[in-house]
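Please read the structure below before turning to the comments.
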Amino acid sequence: MKVLIVSMSTLFIEALQIAIRDKRPAWQVDTYAIQAPLFNQALRKKIKEQCIEVVVIETTNQHFALIIESLKKVKGPEVDIMLLVDSRMGEVYHLLKDEERWASVTKNTRLDEFVLLMESFKSNISNLLEVSLKELDKKILRDLAVGHTFEFIQHKRGMSAEEIDQSLYRINTYFKVPNYIESISKAFEQKIIT
């Protein structure tokens with residue numbers, strides 16, 4: 001697989017490149033450092049010439065909308081885009097819900113899970129093995145449905161951020177959707193939560 005990591009942080013892209021190469025030595029992992037949250041023709045040329053399959057974009061909260069709009073102008077039709085997002089997952093989802101071949105992933109996703117997402121990425125929905133929901137996953141879904149924040153859930157349930165992220169991964173995989181907002185909707189439809 002040919003992967004391109006794009007960020008305004010050189011340290012981030014170099015660390016992620018090393019980590020992915022360690023997990024998947026056969027993958028061709030390249031980097032592209034940007035100076036501003038705008039993408040240019042040089043990035044489009046690099047994606048096209050190197051036949052990049054997945055572009056991983058590290059975003060910051062203050063720049064994500066600008067990054068998405070700029071990237072829509074340079075993205076080719078055969079490229080999957082994965083945005084690494086901080087805390088504004090819902091807003092990113094609303095900007096991308098009608099776009100094909102885009103996904104958003106929280107930055108605190110474990111590397112193993114992130115690599116699996118890249119391997120199985122098809123349009124907006126991952127096609128992973130069937131998983132079942134744990135009772136804790138249902139409690140987290142209920143908490144999110146009533147509007148509790150991740151920080152509140154973390155303290156209420158005595159969980160680490162990594163445990164919450166693993167639960168969200170299971171939840172989204174179970175419902176075969178790209179984010180927890182759609183998972184909540186499907187959970188209500190299927191009467192998993194009321």
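When a 1.4 Å probe is rolled over the protein heavy atoms, the share of accessible surface on region 128-193 that falls to carbon and sulfur comes to 53 percent. The W27 and Q154 beta-carbon pair, evaluated with R₀ = 35 Å, returns a calculated FRET efficiency of approximately 0.60. Distances between placed amide hydrogens fall under 5 Å for L83 paired with I57, A103, S104, V105, all partners being 5 or more residues away or on another chain. Entry comment: accessible area of region 128-193 is 55 Å² per residue, from protein heavy atoms only and a probe of 1.4 Å. Here the Karplus curve 6.51 cos²θ - 1.76 cosθ + 1.60, taken at θ = phi - 60°, turns the phi angles of region 131-143 into couplings of 10, 10, 7, 8, 4, 5, 4, 5, 5, 5, 4, 4, 4 Hz, with x standing for Gly and Pro.
Among L168, F150, S132, whose Cα lies farthest out toward the positive end of the dipole of region 128-193, if unit charges sit on the beta carbon of Lys, Arg (+1) and Asp, Glu (-1)? The residue sitting most towards the positive pole is S132.
The values are calculated or read from the model by the stated rules, or taken from the named source; none is laboratory data. As the structure is a computational prediction, the values presented were derived from the model and not from experiment. As a convention, Cβ positions derive from the backbone with ideal geometry for all residues, glycine included, and neighbour counts pool all protein chains shown. Keep in mind that these areas ignore ligands, DNA and RNA; they rest on the heavy atoms of the full protein, side chains included. Shrake-Rupley method; radii C 1.70, N 1.55, O 1.52, S 1.80 Å.
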